[in-house]
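*Asks:* My questions will all concern the structure given below.
The values are calculated or read from the model by the stated rules, or taken from the named source; none is laboratory data. This one's a predicted model, so the numbers in the text were calculated from it and none came from an experiment. A quick note on method: Cβ atoms are made from the backbone with ideal geometry, for glycine too, and the neighbour counts reach across all protein chains shown. Side chains are part of the model used for accessible areas, which takes the heavy atoms of the whole protein and leaves out ligands, DNA and RNA. Shrake-Rupley method; radii C 1.70, N 1.55, O 1.52, S 1.80 Å.
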Amino acid sequence: MSPKLVPPCQAACPIHTDVRSYVSAIEKGDVETAIRFNRQVNPLPAICGRICPRPCENVCRRGQVDEPIAIAMLKRFAADNSKGLSLIQKSEKLYDEKVAVIGSGPAGLAAAHDLALLGYRVTIFDGNYRLGGMLTEGIPEYRLPKDVVMEEIDIILSLGVGVRTGLYLGQDFTIEGLLKDFQGIVLAIGSQKSLFPRCKGIELSRIYTAVDFLKQVCRGQRPRLGEHVVIIGGGHTALDAARTCLRLGSRKVTIIYRRTVEEMPVDRAELEETVEEGVKILYLTAPVEFLGNENENVKKVRCIKIELGELDESGRPSPKPIENSEFELDADTVISAIGYRPEEEILNTTGLNLRDHSRVITDETCATNIKNVFACGDVVSGPSSLIEAIASGKKSAKAIHCHFRSLPEEPETYYGSGMLNENLIKLIHKESRQKMPTLPVEKRINSFDEVELGYNREQAMREAQRCLKCGTSELVRKLRSQYPSAQKNI
């Protein structure tokens, strides 16, 4: 298959969503067409519209002029305003093969969705009684309401996907046993085991992992945290944990992060919301020891200041402690959000070949060392973003289809069009990005109501009008008609 030259936003999207087409549809007020373009490739558009890390916006050429198009917010607008529309049709062609999908996070849901559309009989297995994985078990309501997740999942189940919940791999069933009833298996159990920092005093009480803490809250529990909470880490999970602590009544919440804000792998709007709500962030800081009281509960966190050195394996500057720079923070509770990995205890029962004892080894087609068993998502790659997990699930579904039907795998290659010409940039009128309406801070921190309220129709259409229609001649025609100087400059 020949490479495709597409707008940069489409090339950067792991599932290559046709951004230009759905944004153009919103500009015209055609929400149904917009969501159809989304659902052609994305089984979870309402979720992505809220929590996708937005690689498309990072390369949006409008950003050379003023600000990138609010691509994710427009996706959310299309999804939220198309409820009730019948947009997906079941496959008329059904195959005999049955496929079991183990895990119902974004990778598993994407695999089940695409396999069902291809015509396979799919059943999802999950240890929890509520589907969604970390979408329902780890992301707070104020950022991703559970009813939004369940509406997306219901659409997938309407394709005829079966569900068996409350069953754990390695405990209630095995891969070997499933292969007696299913011709294919997709392993998509994610990466939900949190890591602790290697510090003295880690055995003290009231030191939790962020994943376990957020799961408790998502299940309706309200743990008592005390007035002072220290969060260790700098990713989205750290921000989620910190903002959740405020909503549970903690008076002072501090994030300590060993690098600077430039290296922080989070959405800048979310970071701003976190600071607005009152979370304090100490950059270039790392924990070295947890100090306890007479009841062996954590009482203080001893920290050390950090300076940045050469680039490490992640491509970021490596943190180095500064001698004699220690200081202490009060802490009634400590929450670790420094990373997570798949549960090797489960994987060790499967007979699958593993990398680093915790990730499944696959070939380029998502196939494992066990015949007819494929794997996708974080259990293969380690922690990844929502949209990367969706892309991995879709890839595994395509791989199984090609395997069963003896079809050649034809990888698609997308190339994004280049940067805007400097002469062209000067001719484009600057217009600010539409600001996302949000709850006032005083209302946010006293509830778990969704913080971002979504665009209304007028805001969405105005934002969509900012799109440059990359890859078409529409912008060039418009500029040439308005600016005589454009005739010779573009």
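*Asks:* Starting with the highest mean, order 282-292, 121-131, 158-168, 305-315 by the number of other Cβ atoms within 10 Å, averaged over the residues of each peptide. Could you put the intermediate results ahead of the total?
*Replies:* Values: 282-292: 18.1, 121-131: 20.0, 158-168: 14.5, 305-315: 11.7.
So the order, starting with the most tightly packed, is 121-131, 282-292, 158-168, 305-315.
*Asks:* Name the residue farthest towards the positive end of the dipole of segment 185-264 from the options Thr237, Gln216, Thr260, assuming +1 on Cβ of Lys and Arg, -1 on Cβ of Asp and Glu, about the Cα centre.
*Replies:* Selected residue: Gln216.
*Asks:* If you count only protein heavy atoms and use a 1.4 Å probe, how large is the accessible surface of Met419, to the nearest 10 Å²?
*Replies:* That residue has around 150 Å² of solvent-accessible surface.
*Asks:* Here's a follow-up. Averaging sequence separations of C-alpha pairs under 8 Å and six or more residues apart, then dividing by the length of the chain, give the relative contact order as a whole percent. Intermediate results must be reported in sequence, preceding the final value.
*Replies:* Numbers: 1006 pairs, mean separation 102.9, N = 490.
Relative CO of the chain lands at 21 percent.
*Asks:* For Val6, which sequence-distant residues (separation of 5 or more, or a different chain) have an amide H within less than 5 Å of its own amide H, given hydrogens modelled in the peptide plane?
*Replies:* Tyr415, Gly416, Ser417
*Asks:* Another question, then. Residue by residue through segment 411-423, which ³J(HN,Hα) values in whole Hz follow from phi under the Karplus form 6.51 cos²θ - 1.76 cosθ + 1.60 (θ = phi - 60°), with glycine and proline marked x?
*Replies:* Computed from phi, the couplings for segment 411-423 are x, 9, 10, 10, 10, x, 5, x, 6, 5, 5, 4, 5 Hz.
*Asks:* Let me ask something additional. Enumerate cysteines in the chain without a disulfide-compatible partner, where compatibility requires another Cys Cβ under 4.7 angstrom.
*Replies:* Cys13, Cys60, Cys199, Cys218, Cys245, Cys303, Cys366, Cys376, Cys402, Cys467, Cys470
*Asks:* Rounding to the nearest 20 debye, state how big the charge dipole of the chain is about its Cα centre with +1 on each Lys and Arg Cβ and -1 on each Asp and Glu Cβ. Let's see the in-between values first.
*Replies:* On the way: 65 positive and 66 negative charges, 261 e Å.
Computed charge dipole of the chain: roughly 1260 debye.
*Asks:* I've got another one for you. Would you mind telling me the share, in percent, of accessible area of the chain contributed by carbon and sulfur at probe 1.4 angstrom? Let's see the in-between values first.
*Replies:* On the way: 10850 of 22930 Å².
Carbon with sulfur: 47 percent of the solvent-accessible area.
*Asks:* Related question: How much accessible area per residue does the chain have, counting only protein heavy atoms and a probe of 1.4 Å, in square angstrom? All intermediate terms of the calculation are to be shown ahead of the outcome.
*Replies:* Details: 22930 Å² over 490 residues.
Using a 1.4 Å probe on heavy atoms only, each residue of the chain averages 47 Å².
*Asks:* In addition: Counting only protein chains, not ligands or nucleic acids, how are Glu410, Glu422 ordered by accessible area (probe 1.4 Å), most first? If you can, show how the numbers build up before the last one.
*Replies:* Values: Glu410 90, Glu422 120 Å².
These residues rank, largest area first, as Glu422, Glu410.
*Asks:* Calculate one ³J(HN,Hα) per residue across segment 292-297 by plugging θ = phi - 60° into the Karplus curve 6.51 cos²θ - 1.76 cosθ + 1.60, and present them in order as whole Hz with x for glycine and proline.
*Replies:* Those phi angles translate into x, 9, 5, 8, 6, 9 Hz.
*Asks:* Considering only C-alpha atoms, what is the centroid distance from segment 20-77 to segment 191-250, in Å?
*Replies:* 32
*Asks:* Could you order Glu431, Glu57 by accessible surface area, starting with the largest, using a probe radius of 1.4 Å?
*Replies:* Details: Glu431 60, Glu57 20 Å².
Result, largest first: Glu431, Glu57.
*Asks:* In whole Hz, what ³J(HN,Hα) sequence does segment 424-437 give by Karplus (6.51, -1.76, 1.60; θ = phi - 60°), x for Gly and Pro?
*Replies:* 5, 4, 5, 8, 7, 5, 6, 8, 5, 5, 5, 7, 6, x
*Asks:* Sum -39500 (n - 2.57) across every DSSP H segment of at least 4 residues in the chain, then divide by the residue count to get the 222 nm mean residue ellipticity, nearest 500.
*Replies:* -9000 deg cm²/dmol
*Asks:* Can I ask one more? For the chain, state what percent of all Cα-Cα pairs lands in each successive 10 Å bin, counting from 0 Å until the bin that includes the largest distance.
*Replies:* 4, 18, 26, 26, 18, 7, 1, 0
*Asks:* Let me ask something else. Counting DSSP beta bridges in the chain, what percent are antiparallel, to the nearest 5? Please report the intermediate quantities before stating the final value.
*Replies:* Values: 21 of 58 bridges.
Roughly 35 percent of the beta bridges in the chain run antiparallel, per DSSP.
*Asks:* Take the alpha carbon atoms of segment 317-336, find their center, do the same for segment 267-287, and report the distance between the two centers in whole angstrom.
*Replies:* Value for the Cα centre distance between the two parts: 16 Å.
*Asks:* Quick one: which residues, 5 or more positions from Ile281 or on another chain, have an amide H under 5 Å from its amide H? H modelled 1.01 Å from N in the peptide plane, none for Pro or chain starts.
*Replies:* HN-HN under 5 Å from Ile281: Ile255.
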